[in-house]
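Heads up, the thing below is written out as structure tokens.
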């Protein structure tokens, strides 16, 4: 561990932090960057060279003294401010994460991350520097800058708040605002952490995993991996740091917690139903197993601390207490990781709901703030005995998100009522989202309306294929995108195909009727398809009138006398063939998932070769 000398800005290495007196800084990194370990080393080397030159010039020891402040004189304002504050409080050494870790060494970085909670806990005092808070206001005001400081939103500052015995909040001017003890009630309100935990009257070990995760929910980190690494000390676990693994770091964190902390509240995250009476009245035969919207929630492990945002009131139930309370055999749960998921034993309560498969309630050793036991909703995987997904629909699945739940709170009376049906079973549940798992395709929630205004995208590869057929393509829009408005004429939104002696205009715009429907018309070197064309092909071409549309418009007296038959909304599969000259144009519209008012248009051109007429006898 490298400590910074508050007098001259040099580094001092120690191995046993608790044997030394030092101050430590908690802060939010400046968006423009911070001075690093290498930056301070360079300043120290430069100061040392300057001192050597002075020694050669002056013979007097007093004259040859180190220039005022040494390397510290050229350090950043934050480092100088922290050192000055520490000196005023009698500390020779200070630790600052931005400059006291050699981040070019993966070994040093990993050691620092795994030891950081201990370093904060061993410090005499932690100065929490709130750079966006001035000292001319009362922190307890309802809308104070203290409450709204960015410091409360960062992931790393969570352990920096909890670990030290003494935390002193300082303003942007490096003046004292108060301590963690003196502002305990305010800090509890802002951070959502019980004051007894903040003041170390209550050990972290007696706080459930779910509740500790709640403290980290909605906090942000620059790197995704740091959402997990910043929680190592909170749970008292260690693991290697692998920057680049992304969200997998949080999965590994949960694995380590499960190995060392016997607390099943780690599974109690996501939406849960707090009224078991509603469950038994409205549970339907619909599972979440094939719903792409909830593929992350059907596993045992959460993808982020944010999933625990509503789990603050959950506490753990020891196995012996659970057995005495419900008469269910106490289980020392073991968790075995397999390629199909995590295998373990749970007390299960079957629920019959008219489906071919039975949904189960897996009782967990944890309870909510009202003392109701949390149970996971387990649904059997298709064609897989003993394997389940977490999550189920309660009520109508057509009304998300209120209809989907991962768990339910059960009252003691409900569990005692169903005690005779409880069966301890081995189950296998996916504990993480597999990167190779097939997910349900994303589909549009509603059918496209094909109304104006809208944007039409002509994919580049279709343009290239048309040009290979000998036709040049011109799209009236940038990047092959047509902007079809309600007022512009179809000529303003046209795709033009040209060849020697041939010109075809595909005009797209609003129909003349009052429905704002998107319509298509073809103009150019068109000709009527004669008897030589194959009958089945001719019947699909533009020469035939859309009977359905004609009948519909005939009943509407307030419409123009003739409504065009080319509303895209009534095309079969949103595709249609048009004959123009000696060619057939295949037009196919498709939805654009990310936007309801954008569509893609595929264009294919086929040469129409007429069959030679039979010679007369």
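The values are calculated or read from the model by the stated rules, or taken from the named source; none is laboratory data. Here the structure is a predicted model, which is why all the values come from computation and not from measurement. Don't worry about glycine lacking a Cβ; one is built from the backbone with ideal geometry, like all the others, and counts go over all protein chains shown.
Here are some notes:
- Condition check for residue 293: within 24 Å of residue 430 (Cα to Cα) and either surrounded by 15 or more Cβ atoms within 10 Å (Cβ to Cβ) or modelled with pLDDT under 90 (or both): yes
- Yes/no for residue 493 being assigned by TED's automatic domain parsing to the domain that holds residue 578 and exposed (fewer than 15 other Cβ atoms within 10 Å of the Cβ): no
- Considering (1) part of a loop (DSSP other than H, G, I, E, B); (2) closer than 24 Å to residue 130 by Cα; (3) modelled with pLDDT under 90, the lone condition that residue 66 does not fulfil carries the number (2).
- Verdict on residue 464 being more than 15 Å from residue 524 (Cβ to Cβ), in the same structural domain as residue 582 (by TED's automatic domain parsing) and at pLDDT 85 or above: yes
- The residues of the stretch 307-321 that are surrounded by 15 or more Cβ atoms within 10 Å (Cβ to Cβ) and over 12 Å from residue 264 (Cα atoms), listed by number, are 307, 308, 309, 310, 311, 312.
This table checks each residue for (1) assigned to a loop (DSSP other than H, G, I, E, B); (2) at pLDDT 90 or above; (3) over 18 Å from residue 378 (Cβ atoms).
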| residue | (1), (2), (3) |
| --- | --- |
| 399 | yes, no, yes |
| 402 | yes, no, yes |
| 408 | no, yes, no |
| 414 | no, no, no |
| 420 | no, no, yes |
| 428 | no, yes, no |
| 432 | yes, no, no |
| 435 | yes, no, yes |
| 438 | yes, no, yes |
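- Number of residues in the stretch 4-25 that are more than 18 Å from residue 88 (Cβ to Cβ) and either assigned to a strand (DSSP E or B) or not assigned by TED's automatic domain parsing to the domain that holds residue 96 (or both) equals 3.
- When we screen 112, 121, 128 for residues that are more than 29 Å from the chain's Cα centre (by Cα), outside any loop (DSSP other than H, G, I, E, B) and either closer than 21 Å to residue 20 by Cβ or in the same structural domain as residue 176 (by TED's automatic domain parsing) (or both), the only hit is 121.
- In the set 203, 182, only one residue is without any contact (Cβ under 8 Å) to a residue 24 or more places away in the chain and within 26 Å of residue 302 (Cβ to Cβ); that residue is 203.
- Residues of the stretch 484-506 that turn out to be at pLDDT 85 or above, touching a strand residue (DSSP E or B) at 6+ places or on another chain (Cβ under 6 Å) and more than 19 Å from residue 524 (Cβ to Cβ), as a count: 1
- Among residues of the stretch 146-172 being surrounded by 18 or more Cβ atoms within 10 Å (Cβ to Cβ) and in a loop (DSSP other than H, G, I, E, B), the one that is farthest from the chain's Cα centre (by Cα) is 171.
- Scope the stretch 259-277; condition assigned to a helix (DSSP H, G or I), farther than 18 Å from residue 429 by Cα and touching a strand residue (DSSP E or B) at 6+ places or on another chain (Cβ under 6 Å); matching residues: 276
- Flag for residue 611 being surrounded by fewer than 19 Cβ atoms within 10 Å (Cβ to Cβ), modelled with pLDDT of 70 or more and out of contact with any strand residue (DSSP E or B) (no Cβ under 8 Å at 6 or more places or on another chain): no
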